[in-house]
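First the structure, in the form of structure tokens, and then the observations on it.
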Amino acid sequence: AVCSMGNSTSRLYSVLAKTLSSGAVSQHQDCLEQLDSARLDPIDPKDLLEECQIVLQKRPPRFQRKFVNLKKNTASNHRPIRVMQWNILAQALGEGKDNFVQCPMEALKWEERKCLILEEILAYKPDILCLQEVDHYFDTFEPLLSRLGYQCTFFPKPWSPCLDVEHNNGPDGCAMFFLKARFELINSANIRLTAMKLKTNQVAIAQTLKCHETGRLLCIAVTHLKARTGWEKFRSAQGCDLLQNLKNITQGAKIPVIVCGDFNAEPTEEVYREFLNSSLNLNSAYKLLSPDGQSEPPYTTWKIRPSGECQHTLDYIWYSQHALNVNSALGLLTEEQIGPNRLPSFNYPSDHLSLVCDFSFNQDPDRLL
């Protein structure tokens, strides 16, 4: 069976469309039968980006954001490691529970929103990608990103709120992806976070990678802590549990670590201070965008719900400041770009902004420990 889409990249588009669209399963079963063999073939990211842009041609163009150079006299002979952190907004929650009163339902259609998410990822080309609220892992992100050269890991929440939504696509969870051309997986741990000695509904993935170019080890973790006001102590306990796990995995900070996450916590919360004062010697990369290097961005999420407008800083990329340098960080969207209806929108697929940083290894990792 041939699925013609009427252009020179029709085969790629066919696989993209059928991989991504759950609604297409019954309509195009003959094409889907080709996926098992096709999914192993590499995809050129430029071709996939072009196909996404074809799908999105009726939408406004993607927002332009610039990297801010933060490098300070750090000579390195190796390519930086680009890390991307993003809560992409679970499809079931966006359509069914989050109630973004200023966002038209048409803007949330998965057939197009998935391409906005992919366009953002493809535009920044991360070496390591950390996502939260992933509920289309098996039918979208794993099949496509594996063909782009990423090794993929997913850990769902034990009791995902997505499952309460009619016509859901399964549970949401955290996902981690790294380029196999740049790293080798040494160790991987799926962590169900505890609080007050009780297992919780929040999870983390922690992986130890070996960098092919430098031979250095690097631990990467992704997490999504408990949401809502009134749960500050709970988040604090979850953060302590994650830090203890990371101390064990990194042998007490001998292995540098990068922690990406939606912490659901402002910088004023206790869990933020725990990470800042941890024996892992962590710093928050996006503080470096501020004039004094000490202040977090004014927002990483901005939305309007029935209860009112919510503008918060909840998302972070923490890193071992004794062993890693932040070469650059992607600037945030301005209020003018975001627009009066806030996020998500026809321009932007999530209520959270993506964070992207370029890291390099410090030449003397024990200097500041």
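The values are calculated or read from the model by the stated rules, or taken from the named source; none is laboratory data. Source: prediction; values computed, not measured. When we count neighbours, we look across all protein chains shown, and the Cβ atoms used for this are built from the backbone with ideal geometry, even at glycine. For accessibility, only protein heavy atoms count, side chains too; no ligands or nucleic acids. Shrake-Rupley method; radii C 1.70, N 1.55, O 1.52, S 1.80 Å.
Can you tell me which residue in the range 166-175 is farthest from N87 (Cα to Cα), limited to those that are open to solvent by less than 20 Å² (accessible area, probe 1.4 Å) and assigned to a loop (DSSP other than H, G, I, E, B)? Restricting to residues being open to solvent by less than 20 Å² (accessible area, probe 1.4 Å) and assigned to a loop (DSSP other than H, G, I, E, B), the top hit is G170. The single residue among L246, L163 that is surrounded by fewer than 20 Cβ atoms within 10 Å (Cβ to Cβ) and part of a helix (DSSP H, G or I) turns out to be L163.
If you go through the range 115-134 and keep only what is open to solvent by 10 Å² or more (accessible area, probe 1.4 Å) and under 23 Å from D164 (Cβ atoms), you end up with just E133. Tallying residues that are open to solvent by 10 Å² or more (accessible area, probe 1.4 Å) and hydroxyl-bearing (S, T, Y) within the range 300-352 yields 5.
Among residues that are surrounded by fewer than 16 Cβ atoms within 10 Å (Cβ to Cβ) and in a strand (DSSP E or B), R228 is not included.
Every residue, every condition in (1) charged (D, E, K, R); (2) more than 24 Å from C174 (Cβ to Cβ); (3) open to solvent by 60 Å² or more (accessible area, probe 1.4 Å); (4) in contact (Cβ under 8 Å) with a residue 40 or more places away in the chain, yes or no:
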{"residue": "L56", "(1), (2), (3), (4)": "no, yes, no, yes"}
{"residue": "K71", "(1), (2), (3), (4)": "yes, yes, yes, yes"}
{"residue": "W86", "(1), (2), (3), (4)": "no, no, no, yes"}
{"residue": "V101", "(1), (2), (3), (4)": "no, yes, yes, yes"}
{"residue": "M105", "(1), (2), (3), (4)": "no, yes, yes, no"}
{"residue": "E111", "(1), (2), (3), (4)": "yes, yes, yes, yes"}
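Of the candidates I186, I205, the single residue that is outside any loop (DSSP other than H, G, I, E, B) and closer than 25 Å to C162 by Cβ is I205.
Scan the range 308-320 and tell me whether some residue there is touching a Leu at 6+ places or on another chain (Cβ under 8 Å), in contact (Cβ under 8 Å) with a residue 40 or more places away in the chain and not in a strand (DSSP E or B).
Going through the range 308-320, the residues touching a Leu at 6+ places or on another chain (Cβ under 8 Å) turn out to be 315-320.
Next, from what is left, pick out any that are in contact (Cβ under 8 Å) with a residue 40 or more places away in the chain: 315-320.
Checking which are not in a strand (DSSP E or B) leaves us with none.
Checked the range 308-320: no residue is touching a Leu at 6+ places or on another chain (Cβ under 8 Å), in contact (Cβ under 8 Å) with a residue 40 or more places away in the chain and not in a strand (DSSP E or B).
Testing N277 on (1) within 24 Å of L246 (Cβ to Cβ); (2) in contact (Cβ under 8 Å) with a residue 12 or more places away in the chain; (3) surrounded by fewer than 19 Cβ atoms within 10 Å (Cβ to Cβ), one condition comes back false. Which one is that? Result: N277 fails condition (2) only. Annotation note: of S279, S290, the sole residue that is touching an Asp or Glu at 6+ places or on another chain (Cβ under 9 Å) and at pLDDT 95 or above is S290. If you take the residues in the range 49-108 that are in contact with a His (Cβ under 9 Å, 6 or more places away or on another chain) and of a type outside the set (S, T, N, Q), which one is nearest to L218 (Cα to Cα)? Across the range 49-108, the extreme among qualifying residues is W86.
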